[in-house]
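Step one of this worksheet: look at the structure below.
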Amino acid sequence: MQYNSLLNEMKNIPDNTFTEELILKLARIIDYRDLSEDNFINIIDPTHQENVSLPEFKNSMFNLKSDNFSLTDEEVERFFRSQTKATSSLNITLKVSELKKKVFNSVKALLLDKINTAISSNRNKFEINLKSYAGESQMIEYSQFD
């Protein structure tokens, strides 16, 4: 068992160890495309109704399709059913706010992993970057870790 991941979950620190595969895929495409929460909502729920049906969700996933991201209809249906806890998808809707919360929590975990990897791979470089880029603010932008 991975105790650090379990402890992170209990402390509300984002960790993708227990994240569903599609949530992780969505997080990766959001990170890759640098989508904001509003952009994500506009793609998933363009009518802003807060709930989407399976056909609407399939269409949204099709709109997210790219060279490095695609899902089969079967994957989308399986994910939809798992999120809605339904055996059938007739007249069932997915709450967009809950999906957004899960996906962006996973995005945060991905970013934390990237930062942790960057810092641990070369601590001296991190300290030099922090001193040279942070200035008086003592803050450094995410893009400076790449």
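Scaled against 2.2 N^0.38 Å for its residue count N, the alpha carbon radius of gyration of the range 54-103 is 1.12. Just want to confirm a number: the relative contact order over the range 3-121, from Cα pairs under 8 angstrom separated by 6+ residues, in percent. Relative contact order comes out at 36 percent. Ordered by the number of other Cβ atoms lying within 10 Å of each residue's own Cβ, fewest first, 106, 60 fall into the sequence 60, 106. The ranking of 58, 65, 85 from fewest to most other beta carbons within 10 Å of each one's beta carbon is 85, 65, 58. Listed cross-link partners 65/114; 25/65; 25/101 are compared with a 18 Å cut-off, the Cα-Cα value being larger for 65/114.
Under 5 Å between amide hydrogens, built in the peptide plane, is the criterion, and for residue 70 it picks out nothing among residues at least 5 positions away or on other chains. Its Cα gyration tensor gives the range 3-121 an equivalent ellipsoid; the semi-axes, largest first and in whole Å, are 26, 16, 13.
Coordinate-derived values only; no laboratory data. Quantities reported herein were computed from a predicted structural model and do not represent experimental measurements. Every residue, glycine among them, receives a Cβ derived from its backbone with ideal geometry; neighbour counts consider all protein chains shown.
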